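Reviewing the structure listed below.
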Amino acid sequence: MGTPEIKDPREEVIQAWYIDGSDEDQRLPHHRQPKEFVSLDQLAELGVLSWRLDADNHETDEELKKIREERGYSYMDICEVCPEKLPNYEEMIKNFFKEHLHSDEEIRYCLAGSGYFDLRDQDDVWIRVWVKQGGMIVFPAGIYHRFTLDSDNYIKAMRLFVGSPIWTPYYRPHDHLQARKAYLEALGRKGAAGRARDAAA
């Protein structure tokens, strides 16, 4: 018997896949057929960072404290997105699902429930990132993305920010923004480095 492959613990709370082009309910998984999964390493190449943390003990979690200190996340709040807790729920969910970018990182840590964070890859194709309890993701400034709940209709998330929070969404197209230009430049550098690695292999 061979040694079982050690699974990245993040994969139990963060999964990603390419989605179909269907206009069906946004809260469905929207897998392509056959399914096309995206690895956490592929997400990292797009600038997306991820962790698995202890959501049940987030108030005393030393690992979360260390991440906040290292990355300068001084601001924190907690929000719940569900029909019972969010005023103008249907309208807000539609707004969250409009494609947009921010001039700063977007940091979300799922404390309970789950939700879908969709983002564009380097070829402008949608990837769906399913974040469940214990999963924390950081989207880089300048990446086009959107959010929706899944069919369970509930997420409780911690929002982190460097300094005073600025939640301004810049709806697509906003390619002239410096954050977008910087992101594309960084993506180009990563792509060139990857091609060089492949050529050397």
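The values are calculated or read from the model by the stated rules, or taken from the named source; none is laboratory data. All values derive from a computational prediction rather than experimental measurement. Every residue, glycine as well, gets a Cβ built from its backbone with ideal geometry; the counts of neighbours run over all protein chains shown. The area values use the complete protein model at the heavy-atom level, side chains included, leaving out ligands, DNA and RNA. Shrake-Rupley method; radii C 1.70, N 1.55, O 1.52, S 1.80 Å.
Among (1) open to solvent by 90 Å² or more (accessible area, probe 1.4 Å); (2) of a type outside the set (D, E, K, R); (3) at pLDDT below 95, there is one condition PHE37 misses while meeting the rest; what is its number?
The failed condition is (3).
Considering each of GLY163, GLY142, GLY134 in turn, give the residue that is in contact (Cβ under 8 Å) with a residue 24 or more places away in the chain, open to solvent by 30 Å² or more (accessible area, probe 1.4 Å) and small (Gly, Ala, Ser).
Of GLY163, GLY142, GLY134, the one residue that is in contact (Cβ under 8 Å) with a residue 24 or more places away in the chain, open to solvent by 30 Å² or more (accessible area, probe 1.4 Å) and small (Gly, Ala, Ser) is GLY163.
Taking region 114-154 on its own, how many of its residues are within 14 Å of ILE93 (Cα to Cα) and in contact with a Cys (Cβ under 7 Å, 6 or more places away or on another chain)?
Residues meeting the conditions: 2.
For the list (1) of a type outside the set (A, V, I, L, M); (2) touching a helix residue (DSSP H, G or I) at 6+ places or on another chain (Cβ under 9 Å); (3) within 25 Å of ARG189 (Cα to Cα), I need the number of the one condition that ARG71 fails.
The number of the failed condition is (2).
Considering region 77-99 alone, what residues qualify as being farther than 20 Å from HIS30 by Cα and touching a residue at least 12 places away in the same chain (Cβ under 8 Å)?
Passing the criteria: ASP77, ILE78, CYS79, GLU80, VAL81, CYS82, PRO83.
Please go through region 93-112 and pick out each residue that is surrounded by fewer than 14 Cβ atoms within 10 Å (Cβ to Cβ) and touching a strand residue (DSSP E or B) at 6+ places or on another chain (Cβ under 8 Å).
Selection gives LYS98 alone.
Just checking, how many residues over region 156-174 are among the basic types (Lys, Arg) and either under 20 Å from HIS58 (Cα atoms) or part of a strand (DSSP E or B) (or both)?
Summing the residues that are among the basic types (Lys, Arg) and either under 20 Å from HIS58 (Cα atoms) or part of a strand (DSSP E or B) (or both) in region 156-174 gives 2.
To keep it simple, each residue is scored yes or no on (1) closer than 21 Å to ILE14 by Cα; (2) over 16 Å from the mean Cα position of the chain (by Cα); (3) assigned to a loop (DSSP other than H, G, I, E, B).
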| residue | (1), (2), (3) |
| --- | --- |
| LEU64 | yes, yes, no |
| GLY115 | yes, no, no |
| ASP123 | no, yes, yes |
| ILE143 | yes, no, yes |
| ASN153 | yes, yes, yes |
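Output the number of the condition that ASP8 fails; it satisfies all remaining conditions of (1) without any contact (Cβ under 8 Å) to a residue 40 or more places away in the chain; (2) among the charged types (D, E, K, R); (3) open to solvent by 70 Å² or more (accessible area, probe 1.4 Å).
Among (1) without any contact (Cβ under 8 Å) to a residue 40 or more places away in the chain; (2) among the charged types (D, E, K, R); (3) open to solvent by 70 Å² or more (accessible area, probe 1.4 Å), the lone unmet condition for ASP8 is (3).
Could you tell me which residue of region 73-92 is farthest from ILE166 (Cα to Cα), considering only residues that are within 19 Å of the chain's Cα centre (by Cα) and exposed (fewer than 14 other Cβ atoms within 10 Å of the Cβ)?
Among them, the one singled out is MET92.
Name every residue in region 40-68 that is open to solvent by 40 Å² or more (accessible area, probe 1.4 Å) and of a type in the set (A, V, I, L, M), in order of residue number.
Across region 40-68, the qualifying residues are ALA44, LEU49.
Collect the residues in region 18-42 that are more than 19 Å from SER114 (Cα to Cα) and either touching a helix residue (DSSP H, G or I) at 6+ places or on another chain (Cβ under 6 Å) or of a type outside the set (Asp, Glu) (or both), keeping them in residue-number order.
GLY21, SER22, ARG32, GLN33, PRO34, LYS35, GLN42, listed by residue number.
Do you know which of the residues in region 11-34 that are open to solvent by 40 Å² or more (accessible area, probe 1.4 Å) and of a type in the set (Gly, Ala, Ser) is farthest from ALA182 (Cα to Cα)?
Within region 11-34, the match that is farthest from ALA182 (Cα to Cα) is SER22.
Report yes if some residue within region 100-113 is at positive phi and outside any strand (DSSP E or B); otherwise report no.
Within region 100-113, not a single residue is at positive phi and outside any strand (DSSP E or B).
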